[in-house]
Amino acid sequence: MAVPALPMPPEELARSLSRALGGRSAGPALTVTEPGLVRTPDEPGLGLRVTVDAAGGPGHAGETWRVTIPVDPIDLEPDVSPSALVTVLRANIEEWWDRKAYEPHLASWGRRLA
């Protein structure tokens, strides 16, 4: 089974995913690059793989992570607004970042590169 297409060009998706949601004033800035859809062994069997660079914030020198966020294939249907998908994915990235030290399931989404 083929991997579906991204709802927008990868560069545009990365820029959109790099914009923080409202209310995120503490902690490092999370910049997203290299988005791509991949097959995963877990449900739902599809994920968005990105590189997340975390820089800034008090006492934070910077980190780079490879993160795979589960994506429901229905969210990639043509009638789903790309901006709605971006909001959900960005919320998942921020939740992963904030909770990875406390929730093993979320921690398993990412692997630190540097």
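Restricting to the range 55-67, and then to whatever is part of a strand (DSSP E or B) and over 15 Å from A14 (Cβ atoms), can you tell me which residue is modelled with the lowest pLDDT?
Pass one, the range 55-67, residues part of a strand (DSSP E or B): 55, 63-67.
Then drop every residue that is not over 15 Å from A14 (Cβ atoms), which leaves 55, 63.
On the way: A55: 83, E63: 90.
Here the residue is A55.
What number of residues within the range 94-114 satisfy the criterion of being assigned to a helix (DSSP H, G or I) and in contact with a Phe, Trp or Tyr (Cβ under 9 Å, 6 or more places away or on another chain)?
Step one: of the range 94-114, the residues assigned to a helix (DSSP H, G or I) are 94-99, 104-107.
From what is left, the residues that are in contact with a Phe, Trp or Tyr (Cβ under 9 Å, 6 or more places away or on another chain) are 96-97, 106-107.
Going through the range 94-114 one residue at a time, the tally reaches 4.
Give the residue, chosen from V32, V38, that is in a strand (DSSP E or B) and in contact (Cβ under 8 Å) with a residue 60 or more places away in the chain. Outline the logic, then answer.
Values: V38 fails: in contact (Cβ under 8 Å) with a residue 60 or more places away in the chain.
Exactly one of V32, V38 is in a strand (DSSP E or B) and in contact (Cβ under 8 Å) with a residue 60 or more places away in the chain, namely V32.
Looking at the structure I just gave you, is A101 in contact with a strand residue (DSSP E or B) (Cβ under 6 Å, 6 or more places away or on another chain) and either without any contact (Cβ under 8 Å) to a residue 60 or more places away in the chain or within 15 Å of L17 (Cβ to Cβ) (or both)? Write out each step before concluding.
Working: in contact with a strand residue (DSSP E or B) (Cβ under 6 Å, 6 or more places away or on another chain): no; either without any contact (Cβ under 8 Å) to a residue 60 or more places away in the chain or within 15 Å of L17 (Cβ to Cβ) (or both): yes.
No, not satisfied.
Could you figure out which of (1) touching a residue at least 12 places away in the same chain (Cβ under 8 Å); (2) farther than 19 Å from P9 by Cβ; (3) not basic (K, R) isn't true of V71?
V71 satisfies every listed condition except (2).
Between a residue in the range 1-19 that is of a type outside the set (S, T, Y) and surrounded by 13 or more Cβ atoms within 10 Å (Cβ to Cβ) and any residue that is in a loop (DSSP other than H, G, I, E, B) and modelled with pLDDT of 85 or more, which pairs come within a Cβ distance under 8 Å, given they are 6 or more apart or on different chains?
Here the result reads P7/V80; L13/L6; L13/P7, each pair linking the range 1-19 to a residue that is in a loop (DSSP other than H, G, I, E, B) and modelled with pLDDT of 85 or more.
Filter the range 85-98 for residues that are in contact with a strand residue (DSSP E or B) (Cβ under 8 Å, 6 or more places away or on another chain) and among the β-branched types (V, I, T) and give the result.
Once the filter is applied, which keeps residues that are in contact with a strand residue (DSSP E or B) (Cβ under 8 Å, 6 or more places away or on another chain) and among the β-branched types (V, I, T), the range 85-98 yields only I93.
I'm trying to understand the selection: among the residues of the range 67-84, which are in contact with a strand residue (DSSP E or B) (Cβ under 6 Å, 6 or more places away or on another chain) and within 10 Å of P44 (Cα to Cα)? Step through it out loud before you land on a result.
Initially, the range 67-84 is screened for residues in contact with a strand residue (DSSP E or B) (Cβ under 6 Å, 6 or more places away or on another chain), giving 67-71, 73.
Selection gives P70, V71, P73.
Do you know which residues across the range 20-38 are more than 10 Å from the chain's Cα centre (by Cα), within 17 Å of R49 (Cα to Cα) and either at pLDDT below 90 or of a type in the set (A, V, I, L, M, F, W, C) (or both)?
Residues satisfying the conditions are L37, V38.
Which one of these does W96 not meet: (1) surrounded by 15 or more Cβ atoms within 10 Å (Cβ to Cβ); (2) free of Cβ contacts under 8 Å to residues at least 24 places away in the same chain; (3) aromatic (F, W, Y)?
It fails just one condition, (2).
The values are calculated or read from the model by the stated rules, or taken from the named source; none is laboratory data. Note that the structure is a prediction, hence the values are computed from the model and not measured. Every residue, glycine among them, receives a Cβ derived from its backbone with ideal geometry; neighbour counts consider all protein chains shown.
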